[in-house]
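Only one structure is covered here, and it is reproduced in the block below.
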Amino acid sequence: MRYQKRTGRLSVPARKVQLATAAMLLMATTVAACGGDSKDDGAKASAPKAPAAIPELTKDPLTLSFIWFDWPPAQALEAFANAEYKKERPNATIKVNTVPNANWHDAMFTQFAARKTDFDIAILDSQHIGEAVTNGNILDLTDFVKENIDVNAYNPYLLAAYGQFPQAETGKRDENASLYGLPLLGDTWTMIYRKDLIGDKPPQTWDEMISAAEKCQADNPGVSGLAFHQANGSDAAAVTYNTVNGVYGGNLWDPKTRKIDGVLNDAAGQEAMDVLVNKMKPLTAKGSGNWFIDEVNAAVAQGKACIAFNWIAASGGLLDPKQSTLGTSREQILDKLGFATLPSQKTNLVPLGGMGMHISAYSSKANQAEALNFMKWFEQADVQKKWAAAGGVPARTDALASPEFLNAGPFNKVYADSVPRMRDMWNVPEYARLVDIENTNVNAALNGAKKPKDALDDIAKEQQNVLDSSNRKGGGGL
Amino acid sequence: MKDPAPLTTDHPGQVVSVTPPAPGRSRRLSDRWLAVTFISPAMLLLLGMSVFPLLWALYLSFTDYSATRGGPANFIGFGNYTAILTSAQVHTRALTTLIYVVGAVGLQTVLGFGIAYLISRRTRGRGALTTLFLVPMMLSPVVVGLFWRFMLDAQFGVVNSMLGSVGLGQVEWLTRQRTALVSLIVVDTWQWTPFIMLIALAGLTAVPKYLYEAASIDRASEWFRFRTITLPLVWPLLLIAVMFRAIEAFRLFDLVYILTSGGPGVSTETLSFHIYKVAFLGFNSGTASAYGILMVLVVIVLTQFYLRYLNKLKED
């Protein structure tokens, strides 16, 4: 039998030396890697300031990159900006990179974590601002806005919602607070209802809406009374609950005392959860517990829902005859579909949607300058009207009242009427965790995995833990 | 041309003389240096891509570091580990993962071995059948997740449509607590049964024919032959396949992400999915690192026990 034997085997001391060298090398690498973060050490995170005046712009070809999630407004923005902004800056190309909605937050913040971004303008949800500002990921635009933007042209709350941190009180703006972004796309929920099934006049109260849906479902077998967001990804189920919570007079938290437990799950909150789970859910289609924007639109387009709730910015496809079974032309579809502001009950609050533009702190100086120039250009009155005509939802008051906007879609008036009624969620650095807790628990309640009261109490308790655990040593995030 | 220098000896323990370098080769380029030169790129890659991240994660697991918040990584001892091990949230996910691993791997083993046994008895079309069965395993889990999501849709999915055509009612496959986990197990089984089948088929093919011939001469029944020849010989190989599948299933993330997003509620959230949330929703890098290290430890410890059992089985 032959035994293989290695030749030139090192002596034991030599091997020890090699092992020790390897260990030292590894330790040195680790220490070096630890040292690489030295600029983080002790540095209190805060957003760097953008210049008040736009620096000199490059004449070289430049691509200005955005990051957003994949939906029709993203394509509309890229087409619009390349068509219009190029007239002013022929050397600039606009690229709107998109990711699936569920990955949107991760795609932006993992790049922020790496302190290197492949985008210049992050389109952040209004609730992401706190996290990005606290971590120093986006530029402070306060001085730039003072010099370049006519703030009086906006509804103060819209300007605050898409840019201000700390968060603005509902309906108000703090003139002394810093601004970190400017509005890109306004949005809120619209009620979509079947005029041919429930009549031309939309329900005015939440109770009326439920009764109409109930009757419509009973009268039309195969058509469900309601369709709304219930999925546990993104903020789907959370926005649904928050909307009902607002309508029934509930509050998500007390921002001054940072108190959630006892506020969210008070009597109004419990009533809202009861309405959602026990009155609205039974009127939805079987298996709709994982529906979000696209599924709700599909149900409406296929004539499978009497009343539905969806974001206005995502509703354009409903009027496309190629995607609908309700008619062969836009007019025929509009004979059957109506769009209205949300019914009120104890209050008339509606959810604030939409997003703002925020400049990455890690983008190059030339691209940051171009981004500032783009924002200044975008917020002009005539450009906002063109954006409205191109399918966007502007934030300037004059653009919102313009015929270009109001005539562009049947739901645009709904948005204009909803602006004074908007309420946002929490805009705090812990937002991603808060919304996940709410999403999963509301989704559990809607799908029978938890009792409504237990779900609401769990949300309140877990969210309170998140807010209270900032000084906890270890186990953050569980 | 000269014969190459011998690298082996006929007798163990014999001292091997150091072979002088071939003419024309630099004296410094000994066999050992050549070996080091050839393996060093792979070793560096391994160190850079596997060993260093593991050590880095180990370091972070003892700190309160957050990737987005930056700032110093403060040493907090075993704080993260204690929090994870005592967290009710983690216990829930561990139970879900356990049910999933046992359900999916058990089902895959039974089906995989059954299919392999049936295929091994065929003489015609065996290759084509094997290839056909392997197709699911070659697909990306994301693709598999997406088309199963459509197939299992309660409203327009083909599965409910088929159930409806035989007079059965609609089932909410992905949105009910019990059916959602079952759906995950079914989809994973659809994709990974071929893996067990392939290994079992290799084991079945390797069983010496003469054993069956001897059993035939003794007029042994089919069941007796299966019980006393086939199963004992294939069993060790099957157990290795089970181990690989169990490790994979323990780390399940992609199917959960695509099919249920962990829902309804958190009822299909596995440990890996939970780590993802800890790491990327709150960017609690320290906690997520400790969570990951604990998962690695669990796999290592369980695998060691399993391998010892396998060795014992082999010795017996």
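None of the figures in this text is laboratory data; all of them are computed from the coordinates on show. This is a predicted model, so every value here is computed, not measured. Positions of Cβ are generated from backbone atoms using ideal geometry, with glycine treated the same way; all protein chains shown enter the neighbour counts.
General remarks:
- Projected over every direction and averaged, the convex hull enclosing the alpha-carbon atoms of region A:262-347 yields 6.8 nm².
- Residues of chain B were split at every exposed loop site, defined as chymotrypsin sites (Phe, Trp or Tyr not before Pro) in a DSSP loop with at most 13 other C-beta atoms within 10 angstrom, and the longest piece left, sites excluded, is B:157-316.
- Förster-model FRET efficiency, 41 Å R0, A:N91 and A:D398, C-beta, rounded to 0.05: 0.85
- Ratio of Rg to Rh over region B:205-287 (Cα coordinates, Kirkwood Rh, two decimals): 1.37
- Ordering B:P53, A:T284, A:N297 by Cα displacement along the dipole of the protein assembly as shown toward the positive end leaves B:P53 in first place; charges were set at the Cβ atoms of Lys, Arg (+1) and Asp, Glu (-1).
- Listed residues A:L57, B:I240, A:V350: farthest to the positive end of the dipole of the protein assembly as shown (Cβ charges): B:I240
- Along region B:148-159 the Karplus relation, 6.51 cos²θ - 1.76 cosθ + 1.60 evaluated at θ = phi - 60°, assigns HN-Hα couplings of 5, 4, 5, 5, 8, 4, 5, 8, 10, x, 5, 5 Hz to successive residues, with x for each Gly and Pro.
- Residue-span extension gain [B:R308 to B:H91] - 0.36 nm each, minus C-alpha spacing: 75.4 nm
- Of all lysines in the structure, the ones whose alpha carbon falls short of 19 Å from that of A:K201, not counting any fewer than 8 places away in one chain, are A:K215, A:K336, A:K413.
- Formal net charge of residues neighbouring A:V275 (Cβ-Cβ distance under 10 Å; K, R +1; D, E -1): -1
- Each principal axis of chain B carries a Cα extent, and these read 81, 76, 37 Å when sorted largest first.
- Here's the picture: charge each Lys and Arg Cβ at +1 and each Asp and Glu Cβ at -1 in the protein assembly as shown, and of A:I192, B:G71, B:A206 the one pushed furthest to the positive end of that dipole is B:A206.
- Low-density loop positions, trypsin sites (Lys or Arg not before Pro), region B:76-125 - DSSP coil, at most 16 other Cβ in 10 Å: B:R121, B:R122, B:R124
- Under the simplified labelling scheme, the B:R121-B:V142 pair shows an inter-label distance of 4.2 nm, with each label point 7 Å from Cα along Cα→Cβ.
- At an R0 of 51 angstrom, the distance between the Cβ atoms of A:E175 and A:S211 translates into a FRET efficiency of 0.70.
- Spacing of the two label points (7 Å from each Cα toward its C-beta) at B:A42 and B:L297, in nm: 3.2
- Of all DSSP-defined beta bridges confined to chain A, some 55% are antiparallel rather than parallel.
- Alpha carbon centroid spacing (whole Å) that separates region A:147-209 from region B:108-146: 55
- Computed about its Cα centre, the charge dipole of the protein assembly as shown is approximately 3540 debye, with only Lys, Arg, Asp and Glu carrying charge at their Cβ.
- Cut-off 15 Å between beta-carbons: net charge of the residues surrounding A:V145, Lys and Arg +1, Asp and Glu -1: -2
- Global geometry of region A:327-478, whether rounded, prolate or oblate, following the gyration tensor of its Cα atoms and the 1.5 cut on a/c: oblate
- Whole-Hz ³J(HN,Hα) from phi, Karplus 6.51 cos²θ - 1.76 cosθ + 1.60, for region B:34-42, glycine and proline x: 4, 4, 4, 4, 6, 8, 4, x, 5
- Quotient of the Cα radius of gyration of region A:57-142 and 2.2 N^0.38 Å, N being its number of residues: 1.15.
- Note that the protein assembly as shown shows a convex hull volume over its alpha carbon atoms of 244 Å³ per residue.
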